[in-house]
Amino acid sequence: MKGGKLLIFSAPSGSGKTTMVRYLLEQPELNLAFSVSATSRKKRGEEEEGEHYYFMSVSEFKKHIKNDDFLEWEEVYRDNFYGTLKSEVERLWKMGKNVIFDIDVVGGLRIKKKYPKETLAVFVKPPSVDELKIRLKKRSTESDDKINMRIAKASVELATAPQFDKTIKNYDLEVALKEAHQMVANFVNSDELPEKS
Ligand code: 5GP
């Protein structure tokens, strides 16, 4: 596969990375397109097929694994599979786009390893695990059980931050959005390898 740049935004669920990715997608000069992942989890709220995710059953997902259709995939939570289809990245690269991902830390680092030069991997840090809990509860799209599962995973994910090219602290959303914008603009406009910070 050959094409534009890859921007990975990874963080514990509830850190604000989705808001950040949406904001970046609205900046036309960055020429970004969102990589729609495949998932076996159930549709939430207003989510649309092909826009937020390609929703599929666990057995369909496993068929794609067998066919080697994924660039990376992960069982992020039990029986909830998520993955990036190779065909999705190819589709967006063919359109001449830089591709932005909203994916979990393991998947993000896997893509970075496969495309070290083309990829900028950004870790979005929440103020604290307690703040994460408050944000997830406010979102109230999931049961307490599911929220606790996400919180337990957050501590493990936070430990992977040093493996990313860049870290953004999302303490103040406006500040974090500006920082992300600048970071991505610098990367998409240069031929340089990402510098560690
Ligand atoms: P959610 O269920 O909240 O949409 O996503 C749960 C987690 O799965 C998030 O951390 C999200 O970034 C991650 N995720 C979404 N798509 C992918 C993917 O294609 N691959 C991997 N590895 N993780 C993903």
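Values for this structure:
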read-out: Inter-label distance, nm, simple model (7 Å from Cα along the C-beta direction), Gln182/Lys137; value: 3.5 nm
read-out: Length added when fully stretched, Ser87-Glu51, from 0.36 nm per residue minus Cα-Cα; value: 11.5 nm
read-out: Summed side-chain charge close to Tyr53 - residues other than Tyr53 whose Cβ falls under 9 Å, Lys, Arg +1, Asp, Glu -1; value: -2
read-out: Long-range HN-HN contacts of Phe70 with modeled amide H, under 5 Å; value: Lys86
read-out: Two-site label geometry, Leu173 and Lys42: point separation in nm, points 7 Å out along Cα→Cβ; value: 2.7 nm
read-out: Sequence-distant residues sharing a close amide H with Ser37 (under 5 Å, placed H); value: Tyr54
read-out: Table column - 3J(HN,Hα) (Hz), segment 82-93, Karplus curve with 6.51, -1.76, 1.60, x for Gly and Pro; value: 9, x, 9, 6, 4, 4, 5, 5, 4, 4, 6, 5
read-out: Exceeding the 32 Å Cα-Cα cut-off - candidates Lys66/Lys138; Lys113/Lys137; Lys94/Lys133; Lys133/Lys166; value: Lys66/Lys138; Lys113/Lys137; Lys94/Lys133
read-out: Note, ³J(HN,Hα) from phi for segment 179-187, Karplus 6.51, -1.76, 1.60, rounded to Hz, x at Gly and Pro; value: 4, 5, 4, 4, 4, 5, 4, 4, 6
read-out: Segment 67-77 - phi-based ³J(HN,Hα) in whole Hz, Karplus 6.51/-1.76/1.60, Gly and Pro as x; value: 7, 6, 7, 9, 6, 7, 8, 7, 8, 5, 10
read-out: Of Asn31, Asn80, Asn67, the one that fluctuates the most in a GNM where the chain has Cα springs shorter than 10 Å; value: Asn67
read-out: Spherically averaged projected area of the chain from its Cα convex hull (nm²); value: 10.6 nm²
read-out: Computed lengthening from Val156 to Lys117, 0.36 nm per intervening residue step minus Cα-Cα distance; value: 11.4 nm
read-out: Calculated [θ] (222 nm, deg cm²/dmol) that DSSP helices of n ≥ 4 give over the chain, each run adding -39,500 (n - 2.57); value: -12000 deg cm²/dmol
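Laboratory data are not the source of any read-out in this text; all were calculated from the coordinates shown. In this text the structure is predicted, and so the values were computed from the model without any measurement. FYI the Cβ positions are ideal-geometry reconstructions off the backbone, even for glycines, and counts take in every protein chain you see.
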